[in-house]
Amino acid sequence: MIDGQSDVAPTVYQRAAGMVAQGPSHFSELVKESLCLRLRAENGPTEVDLARVGEVSPQVLGGARDRGVSTARSPPARAMKRHLPRRTTDSFTSFHLSLLTGKIMNRPSKIVCVGRNYAAHAAELGNVVPDERPLLFFKPPSALVGDGEPIELPKASKQVEHEGEIGIVLHTALRRADENSALAAVAGLTCVNDVTARDLQKTDDQWARAKGFDTFCPMSSNIVPLSELPPLDEVEVMCRVNGETRQHGSGREMIFKIPTLLSYISHIMTLEAGDLVATGTPAGVGPLAPGDRVEVEIPGVGVLSNPVVAEVS
């Protein structure tokens with residue numbers, strides 16, 4: 001019990017929605033409560049890698065030491081991210097704790113996606129492979145849902161499919177960057193599911209409807225720095241439905257590699273801190289049905305798992 005409270009967690013979660021719109025200082029306060037109070041309340045003194053919580057470290061470390069929380073470098077900081085709220089009651093807000101910089105980022109200003117970036121996936125849908133430049137499209141931030149939250153199958157579509165992807169989260173703005181410098185703006189990699197209404201994608205000239213329904217962009221709260229992962233060509237992504245592996249690919253199979261994608265996009269638009277880039281999906285996409293559970297896994301990052309339900313009227 002801390003300061004007369006036997007359970008700090010509900011207080012933190014109840015206050016989260018109000019803090020979302022109130023700026024960085026409130027995020028810092030939320031971090032302090034989540035990391036220093038809740039962890040301390042659960043099992044007494046707790047070892048936490050607070051030394052890596054970059055920009056808020058003076059406040060966090062001071063608060064932690066005052067409350068008797070060890071700042072040992074084990075276990076790593078990502079073990080604590082589950083204590084941060086991921087969703088408000090009215091709309092999705094992703095609290096990304098970047099292990100690289102310690103920044104807390106609100107939901108992205110945009111989600112930039114790459115189409116047909118794996119030759120085998122383009123072929124399975126009967127599409128040609130882009131040869132000169134990446135094929136880009138957007139998903140709206142309102143499509144985001146977190147780990148464990150349901151994917152709703154809209155009544156407007158009869159063929160909704162999974163697309164497991166490697167996601168890139170930015171920690172600083174990126175504008176007109178070359179390939180060599182682009183990776184410096186990356187906070188880390190995360191798991192993304194580019195859920196798609198395939199029948200609508202085939203009938204519509206633009207993909208906004210097919211890609212943009214609410215819940216059509218599940219995203220993991222795990223964001224792992226590149227320094228803690230294999231070389232980008234060796235990073236793998238897998239997608240399973242009800243335990244059966246349907247997709248398995250790696251960065252090596254991408255037509256346009258991650259540095260190329262970031263540089264190309266940054267010459268078209270400024271990528272802001274917190275923005276998400278979905279890098280394309282390997283072959284094996286397939287249908288989803290109510291009652292399914294779909295998982296996207298990136299070894300070293302984690303598993304994004306979502307149940308599938310029919311649209312609620």
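The values are calculated or read from the model by the stated rules, or taken from the named source; none is laboratory data. All of these numbers come straight from a predicted model, not from anything done at the bench. Counting neighbours? That spans all protein chains shown, and the Cβs are built from the backbone with ideal geometry, glycine included.
Can you name every residue in the range 281-302 that is part of a loop (DSSP other than H, G, I, E, B) and either of a type in the set (S, T, Y) or touching a residue at least 24 places away in the same chain (Cβ under 8 Å) (or both)?
T281, P282, A283, G284, V285, L288, A289, P290, D292, P299, G300, V301 - these are the residues of the range 281-302 that are part of a loop (DSSP other than H, G, I, E, B) and either of a type in the set (S, T, Y) or touching a residue at least 24 places away in the same chain (Cβ under 8 Å) (or both).
Looking at this structure, is V237 at pLDDT 95 or above, within 21 Å of V112 (Cβ to Cβ), part of a strand (DSSP E or B) and within 13 Å of the chain's Cα centre (by Cα)?
no
So, E228, is that one within 17 Å of the chain's Cα centre (by Cα) and under 15 Å from V296 (Cα atoms) or not?
Criteria not met by E228.
May I ask you to verify whether G274 is among the small types (G, A, S) and at pLDDT 95 or above?
no
What are the residues in the range 257-280 that are closer than 24 Å to A120 by Cβ, over 15 Å from the mean Cα position of the chain (by Cα) and part of a loop (DSSP other than H, G, I, E, B), if any?
Of everything in the range 257-280, just one residue is closer than 24 Å to A120 by Cβ, over 15 Å from the mean Cα position of the chain (by Cα) and part of a loop (DSSP other than H, G, I, E, B), namely K257.
What are the residues in the range 228-246 that are touching a Lys or Arg at 6+ places or on another chain (Cβ under 8 Å) and buried (at least 16 other Cβ atoms within 10 Å of the Cβ), if any?
Listed by number, the residues that qualify are L232, C239, R240, V241, R246.
Kindly provide the set of residues from the range 185-219 that are within 14 Å of the chain's Cα centre (by Cα) and farther than 21 Å from H121 by Cβ, ordered by number.
V186, A187, G188, T215
Based on this model, can you work out whether S305 counts as in contact (Cβ under 8 Å) with a residue 60 or more places away in the chain, crowded, with 20+ Cβ neighbours inside 10 Å and among the polar types (S, T, N, Q)?
Against the criterion (in contact (Cβ under 8 Å) with a residue 60 or more places away in the chain, crowded, with 20+ Cβ neighbours inside 10 Å and among the polar types (S, T, N, Q)), S305 does not qualify.
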